[in-house]
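Each reported figure results from applying straightforward, stated rules to the coordinates on display, with no laboratory input. Since we're looking at a predicted model, the values are computed, not measured. Here the Cβ positions follow ideal geometry from the backbone for every residue, glycine too, while neighbour counts run over all protein chains shown.
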Amino acid sequence: QVTRDVAFDAPTWTPERRRKVEKLFDELAPEWHLKHADDRLLPLRDAMERGDIHPGNCLELGCGTGPATPILEESFTRVVAVDLSFEMLRRLNTPSAARVRADASCLPFPSDSADSIVLLNMLLFPAEVARVLKPEGTVVWVNSRAENTPIHLSPEDFVDALPGDWTARASRSGEGLWAVARRGRSTS
């Protein structure tokens with residue numbers, strides 16, 4: 001329910017909720033790497049292969065300890081790994097990605113600056129994603145366990161939550177699902 005609340009009703013992301021989420025993920029950080037078997041990354045790999053994503057710079061929101069970061073580094077010129085949790089970022093498993101501790105509801109990046117934004121099992125802050133994404137950029141939404149992912153939105157809800165006119169390509173892959181959205185292009 002928190003995922004839907006945040007995506008469709010920004011005022012529900014309060015300082016108290018932010019602190020609770022930060023504390024939870026700080027506590028989960030020491031064992032986070034145990035939750036990410038390779039099969040959980042299949043939907044991301046599939047999205048990167050079939051989602052018509054162009055190289056450039058990428059913001060990985062909710063990077064955790066970085067299980068997906070090496071996959072992104074294969075496809076993008078530059079990856080900036082972003083997480084609310086200091087403990088997750090401290091354990092980031094790749095030395096090459098830049099690390100930024102930030103609340104995704106108010107990102108410390110200029111408007112129209114990211115070629116792609118990737119969210120793997122991450123809360124969606126639609127207005128902020130739309131602000132930071134370049135007009136021709138892509139947003140990659142991945143739920144590694146589809147409807148069984150605790151932070152889940154369907155591809156339709158993901159696109160509906162984004163402000164303005166968006167279209168997407170979406171698919172299931174392994175146990176998960178993905179969607180790649182762009183402003184105003186035809187759906188595939």
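Assign unit charges at the C-beta atoms only (+1 for Lys and Arg, -1 for Asp and Glu), then state the dipole size of the chain relative to its Cα centre in Debye, rounded to the nearest 20.
Details: 23 positive and 28 negative charges, 47 e Å.
Roughly 220 debye, rounded to the nearest 20.
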Per-residue ³J(HN,Hα) for the range 59-73, Karplus 6.51 cos²θ - 1.76 cosθ + 1.60, θ = phi - 60°, Hz, x for Gly and Pro: 9, 9, 8, x, 5, x, 8, x, x, 8, 4, x, 5, 5, 5
Which of (i) 41, 17, 13; (ii) 29, 18, 14; (iii) 22, 19, 17 is the computed semi-axes √(5λ) of the Cα gyration tensor in Å? It is (iii)
Can you give me the C-alpha center-to-center distance between the range 137-188 and the range 63-121, rounded to a whole angstrom? 19 Å
Treating cross-link reach as a plain straight distance, find the lysines whose alpha-carbon is under 23 Å from the alpha-carbon of Lys35, omitting any fewer than eight places away in the same chain. Lys20, Lys23
Asserting the computed 222 nm helical MRE of the chain (DSSP H runs at least 4 long, -39500 (n - 2.57) per run, divided by residue count, to nearest 500) equals -8000 deg cm²/dmol
With x for Gly and Pro, the residue-by-residue ³J(HN,Hα) of the range 147-154, computed from phi through the Karplus equation 6.51 cos²θ - 1.76 cosθ + 1.60 at θ = phi - 60° and given in whole Hz, is 5, 8, 6, x, 9, 10, 9, 5
